[in-house]
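Chemist: Just dropping this structure here.
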Amino acid sequence: MQDLSSRKEIVILIFITVGIIFLIRLFYIQVIDDSYKLSAENNVLRYVTEYPSRGLIYDRKGKVMVYNQPAYDLMVIPKHVEPLDTIDLCNLIDITKEEFIEKLLKAKKYSYYKPSIFQEQLNSETYAALQEKMYKFDGFLVYNRSLRKYPYNAAASLLGYINEVSGNIIEKDSYYSSGDYIGASGIEKSYEKELRGRKGVKVFMVDVFNRVKSSFRDGTYDTLPEPGTNLKSTIDIELQQLGEKLMQNKKGSLVAIEPSTGEILAMVTSPTYDPNLLVGRVRSENYLKLHKDTLVPLFNRALMAQYPPGSIFKLVQALIAMQEKAITPQTMFTCNKRLINCHNHPFPLDVFGSIQHSCNPYYYMVFKRILNQGKSSNVFIDTEIGFAKWREHVGNFGLGQRLGVDVLSEKGGNIPTIEYYDKIYGRRHWKFETVYSLGIGQGEILVVPLQMANLACIFANRGYYITPHVIKRNNGQEEIHYSKIEEKYFNLVADAMEEVVNRGTARRAKIDSITVCGKTGTAENPHGEDHSVFIAFAPKYNPKIAVSVYVENSGFGGTWAAPIASLIIEKYLTRELTDQKKLDRILEADFIHSAIEPN
């Protein structure tokens, strides 16, 4: 009996303990923790996303290149949609009944309970008319948004555009929801996280008809949106506009960089387009037109087009050869046209003269000296040793690789490898005579215009470059790259580049008040007229600007690319243009329509 009494007491104690635990838990849920209450109230709450204003983009002088303009998105929650006057709503937002049905089906596929875009980017007039009748359209609501605007109609490929986010991105990044926008190219894409800001949310009480009655708990659970970060770019918008004007009716690119900082002053690709075309409800239609355009205006030639460097590469060859002691500054070669074709000029020439007159046979011999230095009695092994050293030096000039510019889609060009030639010709079955065209910047060598402007920076800085960038950086963030060529050789090359402009192949680049150092090139084009190429920096001492210009299908570098570069240099350094005749000649040149039309 005593055992039974003890067991009974234990059972009673257990029940009392469990009861106390339940009472404590119930008190906690009902008095202290209101999450369950909130969950129940969710059935009568509406969560409205508050979108942040996207960060603005300024030029280097503080001029606004991209700003925001108010717009409105009509959203729909399919679960809350009640029978409505479809025609009335369609007329208000300018769509057909068929489009209405299609949009509603799309929203249902996304979610019955979450809001998604029904009609995007309504203007202020439509929004005002819609607001008066919103009480008729259960399940529909309006979110405030903004459109990007471009006051200068310039730098479209560089600035980029925003687009509606795709399903793949939504799956990978929880920040985004259906109907959100994301940077799709250019700075907008590269700096998306900085520009987008952080969303906020407002919580409203709604009645059985899904109409907003009041803010939930006086906004206790609301969060404010945080605007995106404003970005200051390195671009000089006036210089950018001039560059685009000079490149009108031409295919090619122009890149200008400040050598001492790596800041990109202008990045022009031509043909280009008005960035405002890819804004608003007409964005998709205009994008399709641009995409189908045979002149490919969406293709950023400054970062993605790959060309032979032509005779400009002779500067690199001269520096490598002198550093490797394959030649001296005084080494002379005759202009032997039996080796490789050349134009008429005085000879024999030393390094200085070979740059001034751009002698092809001279660099045939220079490249041979670089590759065959007698390190091995076997000519194939000797060539391989010399080629490996040559390629190492070329890589130090930022060629054959991406430079790491802070805009996506950059190409790296091409500098062929030993493995490439082994695959083509067989291991140790190729030698200098197989690859001699590399000596004058032809063959398999490819560069992008940004790399050529960066090359001009290396010559300007006498041996190094700072990673090019389009958004201002804090001091100490710059990454410096050295070429491993002695400065004295760069001084010689700078002297020769000055002579190229004063009395050589680039006389059209001469500016009376400024010492310009440059080098012309003519990049071979197997599909038509050769490309006109020019790089330059100025002034000669303490340079402020380095430029590369490619004009496709226009012939010699000194004819078109050189004068275009000189106008950019003068504008940047003096803020004016003094040679109206030169300007008019460039503006009147048309290598697009003249190339299409029959002769």
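The values are calculated or read from the model by the stated rules, or taken from the named source; none is laboratory data. Just so you know, these numbers come straight off a predicted model, no measurement behind them. Virtual Cβ from ideal backbone geometry, glycine too; neighbours counted across all protein chains shown.
Chemist: Restricting to segment 443-481, count the residues that are of a type in the set (D, E) and farther than 27 Å from E188 by Cα.
Modeler: Residues that pass the stated criteria total 1.
Chemist: Identify all residues within segment 185-203 that are surrounded by fewer than 19 Cβ atoms within 10 Å (Cβ to Cβ), basic (K, R) and out of contact with any helix residue (DSSP H, G or I) (no Cβ under 9 Å at 6 or more places or on another chain); write none if there are none.
Modeler: K189, K193, R198, K199
Chemist: Being part of a helix (DSSP H, G or I) and touching a helix residue (DSSP H, G or I) at 6+ places or on another chain (Cβ under 8 Å) is the filter; apply it to segment 125-152 and report the residue that is nearest to Q240 (Cα to Cα).
Modeler: T126
Chemist: Among L89, L122, which is over 21 Å from K202 (Cβ atoms), touching a residue at least 24 places away in the same chain (Cβ under 8 Å) and touching a helix residue (DSSP H, G or I) at 6+ places or on another chain (Cβ under 8 Å)?
Modeler: The match here is L89.
Chemist: Hey, can you tell me all the residues within segment 347-387 that are over 15 Å from G441 (Cβ atoms) and of a type in the set (V, I, T)?
Modeler: V351, V379, I381, T383, I385
Chemist: Here is a further query. Take segment 120-138 and flag every residue that is among the polar types (S, T, N, Q), surrounded by 13 or more Cβ atoms within 10 Å (Cβ to Cβ) and at pLDDT 85 or above.
Modeler: T126
Chemist: OK, next. Residues in segment 186-203: is at least one closer than 21 Å to A71 by Cα, touching a residue at least 24 places away in the same chain (Cβ under 8 Å), more than 23 Å from the chain's Cα centre (by Cα) and assigned to a loop (DSSP other than H, G, I, E, B)?
Modeler: Checked segment 186-203: at least one residue is closer than 21 Å to A71 by Cα, touching a residue at least 24 places away in the same chain (Cβ under 8 Å), more than 23 Å from the chain's Cα centre (by Cα) and assigned to a loop (DSSP other than H, G, I, E, B).
Chemist: Please find, within segment 457-496, the residue that is surrounded by the most Cβ atoms within 10 Å (Cβ to Cβ) out of those that are in contact (Cβ under 8 Å) with a residue 24 or more places away in the chain and assigned to a strand (DSSP E or B).
Modeler: So, considering only residues that are in contact (Cβ under 8 Å) with a residue 24 or more places away in the chain and assigned to a strand (DSSP E or B), the one surrounded by the most Cβ atoms within 10 Å (Cβ to Cβ) is Y465.
Chemist: Output yes when any residue across segment 209-224 is in contact with a Gly (Cβ under 6 Å, 6 or more places away or on another chain) and polar (S, T, N, Q), and no when none is.
Modeler: Yes, the conditions are met somewhere in segment 209-224.
Chemist: Considering each of L295, L339, L349, L319 in turn, give the residue that is modelled with pLDDT under 95 and within 32 Å of the chain's Cα centre (by Cα).
Modeler: After ruling out the rest, the residue left standing is L295.
Chemist: Condition (residue is part of a loop (DSSP other than H, G, I, E, B), at positive phi and in the same structural domain as L399 (by TED's automatic domain parsing)) applied to segment 317-324: is it met by at least one residue?
Modeler: Among the residues of segment 317-324, not one is part of a loop (DSSP other than H, G, I, E, B), at positive phi and in the same structural domain as L399 (by TED's automatic domain parsing), which makes the answer no.
Chemist: A follow-up question, please. Restricting attention to segment 142-175, and to residues there that are buried (at least 17 other Cβ atoms within 10 Å of the Cβ) and modelled with pLDDT under 85, which single residue is nearest to G252 (Cα to Cα)?
Modeler: S146
Chemist: Now for a separate question. Restricting to segment 530-550, give me the number of residues that are touching a Gly at 6+ places or on another chain (Cβ under 6 Å) and within 23 Å of E263 (Cα to Cα).
Modeler: The total comes to 4.
Chemist: Right, next: Just checking, how many residues over segment 497-507 are touching a residue at least 40 places away in the same chain (Cβ under 8 Å) and surrounded by fewer than 24 Cβ atoms within 10 Å (Cβ to Cβ)?
Modeler: The qualifying residues number 5.
Chemist: Ok, one more. Tell me which of these Q451 doesn't satisfy, since it passes every other one: (1) within 22 Å of R402 (Cα to Cα); (2) free of Cβ contacts under 8 Å to residues at least 12 places away in the same chain.
Modeler: Result: Q451 fails condition (2) only.
Residue-by-condition table, conditions (1) farther than 20 Å from G504 by Cβ; (2) touching a residue at least 60 places away in the same chain (Cβ under 8 Å):
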residue	(1), (2)
H291	yes, no
L298	yes, yes
I312	no, yes
A318	no, yes
K325	yes, no
K337	no, no
N341	no, no
P348	no, no
P361	no, no
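Chemist: Oh, and also: For segment 402-418, state whether one or more residues are in contact with a strand residue (DSSP E or B) (Cβ under 8 Å, 6 or more places away or on another chain), touching a residue at least 12 places away in the same chain (Cβ under 8 Å) and acidic (D, E).
Modeler: yes
Chemist: Test I182 against the stated conditions and say whether it is without any contact (Cβ under 8 Å) to a residue 12 or more places away in the chain and either crowded, with 18+ Cβ neighbours inside 10 Å or more than 24 Å from V44 (Cα to Cα) (or both).
Modeler: No, not satisfied.
Chemist: Could I ask something else about it? Can you list residue pairs whose Cβ atoms sit under 6 Å apart, with the first residue in segment 379-399 being over 14 Å from F432 (Cβ atoms) and the second being surrounded by fewer than 19 Cβ atoms within 10 Å (Cβ to Cβ)? Count only pairs 6 or more apart in sequence or on different chains.
Modeler: N396/K484
Chemist: With respect to the numbered conditions (1) within 16 Å of L450 (Cα to Cα); (2) in contact with a Lys or Arg (Cβ under 9 Å, 6 or more places away or on another chain), which one is the sole condition not fulfilled by V549?
Modeler: The failed condition is (2).
Chemist: Does at least one position in segment 343-353 carry a residue that is in the same structural domain as H481 (by TED's automatic domain parsing) and in contact with a Cys (Cβ under 6 Å, 6 or more places away or on another chain)?
Modeler: Yes, segment 343-353 has at least one match.
Chemist: Give the residues of segment 246-300 that are of a type in the set (D, E) and in a helix (DSSP H, G or I), sorted by residue number.
Modeler: Answer for segment 246-300, where residues must be of a type in the set (D, E) and in a helix (DSSP H, G or I): just E285.
Chemist: Does I93 fit the bill of being of a type in the set (A, V, I, L, M), closer than 26 Å to R54 by Cβ and in the same structural domain as V203 (by TED's automatic domain parsing)?
Modeler: So I93 passes the test.
Chemist: Looking at segment 518-530, which of the residues that are out of contact with any Pro (no Cβ under 8 Å at 6 or more places or on another chain) and of a type outside the set (S, T, N, Q) is surrounded by the most Cβ atoms within 10 Å (Cβ to Cβ)?
Modeler: Here the answer is K519.
Chemist: For S437, which of the numbered conditions (1) under 17 Å from Y550 (Cβ atoms); (2) part of a helix (DSSP H, G or I); (3) modelled with pLDDT under 95; (4) of a type outside the set (D, E, K, R) fails to hold?
Modeler: (1)
Chemist: Starting from residues that are part of a loop (DSSP other than H, G, I, E, B) and under 37 Å from the mean Cα position of the chain (by Cα), keep the ones in segment 78-109 and report whichever is surrounded by the fewest Cβ atoms within 10 Å (Cβ to Cβ).
Modeler: Here the answer is D94.
Chemist: Can you tell me how many residues in segment 160-185 are farther than 25 Å from M65 by Cβ and either under 16 Å from the mean Cα position of the chain (by Cα) or not in a loop (DSSP other than H, G, I, E, B) (or both)?
Modeler: So the count comes out to 6.
Chemist: Listed residues F367, F352; which is in contact with a Leu (Cβ under 7 Å, 6 or more places away or on another chain), outside any loop (DSSP other than H, G, I, E, B) and surrounded by 20 or more Cβ atoms within 10 Å (Cβ to Cβ)?
Modeler: Going through F367, F352 in turn, the sole match is F367.
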